[in-house]
Amino acid sequence: MPPVFRFAPSPNGLLHLGHAYSALLNFERAREAGGRLLLRIEDIDMARCRPEYETAIYEDLAWLGIAWETPVRRQSEHLIDYRAALERLSALGLVYPAFESRAEIARLIAAREVDGPWPRDPDGAPLYPGDARSLSADERSQLIASGAPYALRLDMQAACRRAARLSWDELGEGPDGERGIVPARPEAWGDVILARKETPTSYHLSVVVDDALQGVSEIVRGQDLFYATSVHRLLQVLLGLPEPAYRHHRLIRDEAGRKLSKSSQSTGLRALRAAGITPAGIRQLVGLG
């Protein structure tokens, strides 16, 4: 079977040079390997994703000379797939609802940090500090019936006991030069959110489900997602999904060394095109010239 690659942007803003670099790498890897390139629109964030940004994604990628297979998978059209995966994890006793608001979580962390720093995940966010796992089934049912908002979290300790030792095959390079077989440490993320009351999935859950359903065999993406691979490998094992190879690449940064964001007009593809930059010029700007 030919290898399958994917580029999976979110339509919550305009593409920038970092997106161009990742898309071009996926396109060229697919072409060199005689494989397929898929485009996936990750639009589960209904509040921020907009149709005009999705249209701009297609236009910008086509302008760069990138071709992809159709039809394009749009996550918002496949919520049933993520719900089914969530139900499988729930049946294993690995999911629980947590009812604290963001403000309540912040207060809990502040109280705990009186005795010292509270642990953070690899992205720098505090680990979940609540005790919702200790709620009884009746208490959970009553809170849900009352209409209280909640997040469905993965019981990380129980999940790691089921999955035992995890690793992945790194064909690229991690932030600290990691290559080859990399040990996965999902426990560093704590009880990650898998879904919310109003959204039946999260990035972590939907990305592993999509990659499996689409037969993606090599994932080419930025080093900012290197550590998240630990969570993805855990979910793949728990759900019985195939293991792809991973190829993490360097990030394109601004003059201050910061990771690019969609609000960065100076590195946006639309702005650069309007300034007269050609697709060949974009390749030079990202180091592919």
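The values are calculated or read from the model by the stated rules, or taken from the named source; none is laboratory data. Keep in mind that this is a model prediction, so the values were computed, not measured. Cβ placement follows ideal geometry from the backbone for every residue including glycine, while neighbour counts extend to all protein chains displayed. For accessibility, only protein heavy atoms count, side chains too; no ligands or nucleic acids. Shrake-Rupley method; radii C 1.70, N 1.55, O 1.52, S 1.80 Å.
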Practice prompt. Taking the options Glu28, Glu42, name whichever one is within 22 Å of Asp81 (Cα to Cα) and of a type in the set (Asp, Glu).
Written response: Glu42
Item to complete: Report, ordered by the first and then the second residue, all pairs with beta carbons closer than 6 Å, sequence separation of six or more or different chains, a first member in segment 268-289 that is under 15 Å from Leu251 (Cα atoms), and a second member that is β-branched (Val, Ile, Thr) and in a loop (DSSP other than H, G, I, E, B).
Response: Val286/Ile252
Discussion item. Let me confirm something: among Gly174, Gly130, which residue is in contact (Cβ under 8 Å) with a residue 12 or more places away in the chain and under 22 Å from Pro200 (Cβ atoms)?
Written reply: Gly130
Worksheet item: Which condition number in (1) closer than 23 Å to Met46 by Cα; (2) open to solvent by 10 Å² or more (accessible area, probe 1.4 Å) is the one that Val207 fails?
Response: (2)
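Do we find a residue being part of a loop (DSSP other than H, G, I, E, B), at pLDDT 95 or above and open to solvent by 10 Å² or more (accessible area, probe 1.4 Å) anywhere in segment 252-273?
No, because not a single residue in segment 252-273 is part of a loop (DSSP other than H, G, I, E, B), at pLDDT 95 or above and open to solvent by 10 Å² or more (accessible area, probe 1.4 Å).
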Worksheet, complete the sentence: The correct count of residues that are farther than 26 Å from Met46 by Cα, open to solvent by 50 Å² or more (accessible area, probe 1.4 Å) and either touching a Cys at 6+ places or on another chain (Cβ under 9 Å) or without any contact (Cβ under 8 Å) to a residue 12 or more places away in the chain (or both) in segment 95-125 is 9
Worksheet item: Can you name the number of the only condition in (1) without any contact (Cβ under 8 Å) to a residue 60 or more places away in the chain; (2) of a type in the set (A, V, I, L, M); (3) touching a helix residue (DSSP H, G or I) at 6+ places or on another chain (Cβ under 9 Å) that Leu194 fails?
Response: (1)
Practice prompt. Would you tally the residues in segment 21-57 being among the hydroxyl-bearing types (Ser, Thr, Tyr), in contact with a strand residue (DSSP E or B) (Cβ under 8 Å, 6 or more places away or on another chain) and without any contact (Cβ under 8 Å) to a residue 60 or more places away in the chain?
Written response: 0
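Mind checking which residues of segment 1-40 are assigned to a loop (DSSP other than H, G, I, E, B) and open to solvent by less than 20 Å² (accessible area, probe 1.4 Å)?
Scanning segment 1-40 gives Pro9, Pro11, Gly13, Leu15.
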Practice prompt. Evaluate segment 151-170: report whether one residue or more is in contact with a Lys or Arg (Cβ under 7 Å, 6 or more places away or on another chain), free of Cβ contacts under 8 Å to residues at least 60 places away in the same chain and within 28 Å of Arg83 (Cβ to Cβ).
Written response: yes
Worksheet item: Is there a residue in segment 87-94 that is on the phi < 0 side of the Ramachandran plot, surrounded by fewer than 13 Cβ atoms within 10 Å (Cβ to Cβ), modelled with pLDDT of 95 or more and not in a loop (DSSP other than H, G, I, E, B)?
Response: yes
Item to complete: Being part of a helix (DSSP H, G or I) and of a type in the set (Gly, Ala, Ser) is the filter; apply it to segment 126-141 and report the residue that is surrounded by the most Cβ atoms within 10 Å (Cβ to Cβ).
Response: Ala132
Worksheet item: Looking only at segment 107-132, which residues are modelled with pLDDT of 95 or more and among the basic types (Lys, Arg)?
Response: Arg107, Arg120
